[in-house]
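Asker: Input: one structure, supplied below.
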Amino acid sequence: MCGIFGIVYSEEKNNLGECLMKAARRLVYRGYDSAGFVGISEEGKIDLRKDAGKLDKIAKKLKFQEIKGKRGIIQLRWATFGIPKKENAQPHVDCKKRLVSAHNGNVVNTGELIRELTFKGHSFMGDNDGEVVCHTVEDFFNVDHNLGKSIMKAYRILRGDYSYIIADSKEKGMFAVKKGSSLFLGIGKDFTCASSDLPSILPFTKRYIPLYDGEFAEFHSSSYKIMSLETGERIEREELIYKGDISQAEKGGFPHFMIKEIKEQPRTVNGIISYLNDSGEALEYGKQIRKSRKAFLIGSGSSYHASLMGSYFLNRIGRKFSIPVVSGEFKELFGNTLNKRDSFILVSQSGETKDTINVLNYLQERGFENLYSFVNIPGSTLYLRTKKRFPVMSELEISVAATKTFLNQAVGFVGLSALIGGRNDILKEISLLPGLLEETIGKSEVFCENLAEELKSSLSIYILGYGPNHPAALEGALKIKEVSYIHGEAYYSTEFKHGPLALIEEGNPVIFLSSREDSEKIISAINEVRVRKGKIISISPENSSIRLNSDVFIPLPYENYTMTPLLSVAVLQLLAYYLSVKRDIDPDTPRNLSKTITVD
Ligand code: F6R
């Protein structure tokens, strides 16, 4: 989704454009199709440059780096309201070219507001909801001449979930407003900044403050105040210090973040392993969840796949009844049949996914109390709005495709299941994972690179698995779709013969995932495809029958119910990555996608 960043320095900066570029590079990972920069000088002169396209191209064409000023705002736009074009790119200015603003999220009554404001005499350049934010505030500002007051009034009018940054070019400072989409303040020696994303603040400062929904902040180079959007009352909040490794947001010699993050997994998995073993908190949560009637595991995309895998583990190891649900379907599927004794684990890398926040709203409005968040970003909306928090502990993940966060979520569920089921043996076994991942990634990379060369022109790739290998297959298929644009589809290996087998023709690639205990079932499924001349690729612990029946066999170094699916996912991540590279796609910023989906 869109990313916003605004900064106020104590002095005019000749290199403001370069500073803004530093922040913009950290917003790219959210996904975008337009970019815009504005610099505001000491005298209030506005220098606005924006267009549709990729950041580097626009920056070169419009000479972003030459922008000077004391204050600056940037926005990378992921189109929802209005097609990607210059007029819809942000930041926007009001009719008098006095106010400048940029927003993130969605204003859902945009159409009505454009009609009303046009009737009142406002003129719009495009049809983007960010422009509506600017003119709605302007409408009040024309009467009040007080930006803070106008923002509070606009809050009552602008419907939806959004955050925005706005400055009055004729006054000092800037405002940041939060209603639904994430927003952080960053505090430095000679500046204060605000951004939708912690990673874009970190090159400037480690001191930050998350804003909560219904709050806004007025900030100057050396001061800030946080206030309620309803009442204007001042809110005191302590500053936080970011303790993670900032180099996480650099490629560190790798060509892409995706491959860096895949290869980081043997290290970053230690974060969740230590949390499970050492915190005591995980054990306490495990006890509470064991007592609940049912455990719902709720997430979208990869976070849903981790939840689905988690349900297999909770059943087998924890002997706990759990229901994995896609966030966007939760209300329709289970809304009327919930019980106050149920527990709910909301799983999200970003902690901002709107579909998952909608579930949180639904549950909190109805007084459900056993709510747990399982998020990677401290200070995110889900994190702030839940008291019981499992940390994902993957450090920053920049590439749009989830890799190391998925792994830690899935490992978190192995551990939780072991804690609930009193299975110390499994907790011990998890400590083998860093080494196993290292070996798997090390040994399978060349296989995957070569296989990607063979498969790069395929129209479709099927991935089949049984038990927890099925969510592993779903995750692999999602990665392939996302970063290579090849149609990847996962099926239960047991279900393939019930219809999809009709699609198999000579040479069609089908990937089979196996753990040792399911090998007989997998061999039958392999044969069903083999006799139809499909191309058989197997990822499995060493198994002579599977090897013999496969065109390509990628061996895994370990066999068991919980570990093998996790290792298979690492192989599929590598395959997706190399398919992407061989098809000349940037795997870090695939088309049409965003790292943080803050809209319905
Ligand atoms: C896949 C991917 C998405 C996210 C989904 C949920 O690689 O990244 O499918 O998993 O958008 O995002 P979070 O986990 O942030 O709630």
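The values are calculated or read from the model by the stated rules, or taken from the named source; none is laboratory data. The structure presented is a predicted model; accordingly, all values stated were derived computationally and were not measured. Note: ideal-geometry Cβ built from the backbone for every residue, glycine included; neighbour counts use all protein chains shown. Calculation scope for accessible area: heavy atoms of the full protein, side chains included, ligands and nucleic acids excluded. Shrake-Rupley method; radii C 1.70, N 1.55, O 1.52, S 1.80 Å.
Asker: So in the stretch 550-577, with the set limited to residues that are at pLDDT 95 or above and not in a helix (DSSP H, G or I), which one is farthest from LYS481 (Cα to Cα)?
Answerer: PRO557
Asker: Restricting attention to the stretch 88-141, which residues are of a type in the set (Ser, Thr, Tyr) and open to solvent by less than 10 Å² (accessible area, probe 1.4 Å)?
Answerer: Those that are of a type in the set (Ser, Thr, Tyr) and open to solvent by less than 10 Å² (accessible area, probe 1.4 Å): SER101, THR110, THR136.
Asker: Also: Which ranges mark the strands (runs of 3 or more DSSP E) fully within the stretch 133-231 that have 1 or more residues being of a type in the set (Gly, Ala, Ser)? Talk me through it step by step, then tell me what you get.
Answerer: Working: elements: 160-168, 174-179, 184-187, 191-195, 207-210, 215-220, 223-228.
The strands (runs of 3 or more DSSP E) meeting that bar are 160-168, 174-179, 184-187, 191-195, 215-220, 223-228.
Asker: Near the ligand (Cβ under 10 Å from one of its atoms) and of a type in the set (Gly, Ala, Ser): which single residue out of SER343, SER380 fits that description?
Answerer: SER380
Asker: ASP168 is checked against (1) under 26 Å from the mean Cα position of the chain (by Cα); (2) surrounded by 20 or more Cβ atoms within 10 Å (Cβ to Cβ); (3) not β-branched (Val, Ile, Thr) and fails just one. What number does that condition carry?
Answerer: Among (1) under 26 Å from the mean Cα position of the chain (by Cα); (2) surrounded by 20 or more Cβ atoms within 10 Å (Cβ to Cβ); (3) not β-branched (Val, Ile, Thr), the lone unmet condition for ASP168 is (1).
Asker: Output the residue which, of all residues in the stretch 475-503 that are out of contact with any Pro (no Cβ under 7 Å at 6 or more places or on another chain), within 16 Å of the ligand (Cβ to nearest atom) and part of a helix (DSSP H, G or I), is nearest to ASP584 (Cα to Cα).
Answerer: By that ranking, first place goes to SER484.
Asker: Does LYS287 count as more than 16 Å from the ligand (Cβ to nearest atom), over 30 Å from LEU593 (Cα atoms) and not in a helix (DSSP H, G or I)?
Answerer: Here the answer is no, as LYS287 does not meet what is asked.
Asker: Still on this structure, please answer the following. Going through the stretch 589-600 one residue at a time, which ones are away from the ligand (no atom under 11 Å from the Cβ) and open to solvent by 30 Å² or more (accessible area, probe 1.4 Å)?
Answerer: Residues satisfying the conditions are ARG591, ASN592, ASP600.
Asker: Only one of ASN361, ASN424 is open to solvent by 10 Å² or more (accessible area, probe 1.4 Å), within 16 Å of the ligand (Cβ to nearest atom), more than 19 Å from LEU567 (Cβ to Cβ) and among the polar types (S, T, N, Q). Can you tell me which?
Answerer: ASN361
Asker: Separate question: Can you tell me which of LYS294, LYS331, LYS388 is open to solvent by 10 Å² or more (accessible area, probe 1.4 Å), free of Cβ contacts under 8 Å to residues at least 40 places away in the same chain and more than 16 Å from the ligand (Cβ to nearest atom)?
Answerer: LYS331 is the lone residue from the list that is open to solvent by 10 Å² or more (accessible area, probe 1.4 Å), free of Cβ contacts under 8 Å to residues at least 40 places away in the same chain and more than 16 Å from the ligand (Cβ to nearest atom).
Asker: In the set ILE523, ILE536, ILE585, ILE554, which member is over 27 Å from THR268 (Cβ atoms), open to solvent by less than 30 Å² (accessible area, probe 1.4 Å) and in the same structural domain as ILE461 (by TED's automatic domain parsing)?
Answerer: From the options ILE523, ILE536, ILE585, ILE554, the qualifying one is ILE536.
Asker: Return the only residue of SER307, SER399, SER380 being open to solvent by less than 10 Å² (accessible area, probe 1.4 Å), more than 14 Å from the chain's Cα centre (by Cα) and more than 24 Å from LYS428 (Cβ to Cβ).
Answerer: SER307
Asker: So which residues in the stretch 402-419 are open to solvent by 10 Å² or more (accessible area, probe 1.4 Å) and out of contact with any Phe, Trp or Tyr (no Cβ under 9 Å at 6 or more places or on another chain)?
Answerer: Correct list: ALA402 only.
Asker: Could you list all residues from the stretch 312-324 that are surrounded by 23 or more Cβ atoms within 10 Å (Cβ to Cβ) and either free of Cβ contacts under 8 Å to residues at least 40 places away in the same chain or within 10 Å of the ligand (Cβ to nearest atom) (or both)?
Answerer: SER322, PRO324, listed by residue number.
Asker: Any chance you could count how many residues in the stretch 561-588 are out of contact with any strand residue (DSSP E or B) (no Cβ under 7 Å at 6 or more places or on another chain), away from the ligand (no atom under 12 Å from the Cβ) and β-branched (Val, Ile, Thr)?
Answerer: Here the count works out to 3.
Asker: Tell me the residue from GLY39, GLY82, GLY53, GLY31 that is open to solvent by less than 50 Å² (accessible area, probe 1.4 Å), small (Gly, Ala, Ser) and at negative phi, please.
Answerer: Result of the check over GLY39, GLY82, GLY53, GLY31: GLY39.
Asker: For the condition small (Gly, Ala, Ser) and more than 16 Å from the ligand (Cβ to nearest atom), what is the one hit in SER274, SER307, SER302?
Answerer: SER274
Asker: Could you check how many residues of the stretch 179-212 are among the hydroxyl-bearing types (Ser, Thr, Tyr) and out of contact with any Leu (no Cβ under 8 Å at 6 or more places or on another chain)? Spell out how you get there, then give the answer.
Answerer: Restricting attention to the stretch 179-212, the residues satisfying the condition of being among the hydroxyl-bearing types (Ser, Thr, Tyr) are 181-182, 192, 195-196, 200, 205, 208, 212.
Filter once more, so that each one left must be out of contact with any Leu (no Cβ under 8 Å at 6 or more places or on another chain): 181-182, 205.
Total satisfying the criteria: 3.
Asker: Give all pairs with beta carbons closer than 8 Å in which a residue from the stretch 459-482 that is at pLDDT 95 or above meets a residue that is polar (S, T, N, Q) and within 15 Å of the ligand (Cβ to nearest atom); count only pairs at least 6 apart in sequence or on separate chains.
Answerer: Between residues of the stretch 459-482 that are at pLDDT 95 or above and residues that are polar (S, T, N, Q) and within 15 Å of the ligand (Cβ to nearest atom), the close pairs are GLU475/SER302; GLY476/GLN573; LEU478/SER302; LYS479/THR403; LYS479/GLN573.
Asker: I've got another one for you. I'd like to verify a number: residues in the stretch 386-428 that are touching a Leu at 6+ places or on another chain (Cβ under 6 Å) and farther than 22 Å from LEU478 by Cα, how many?
Answerer: Number of matching residues: 5.
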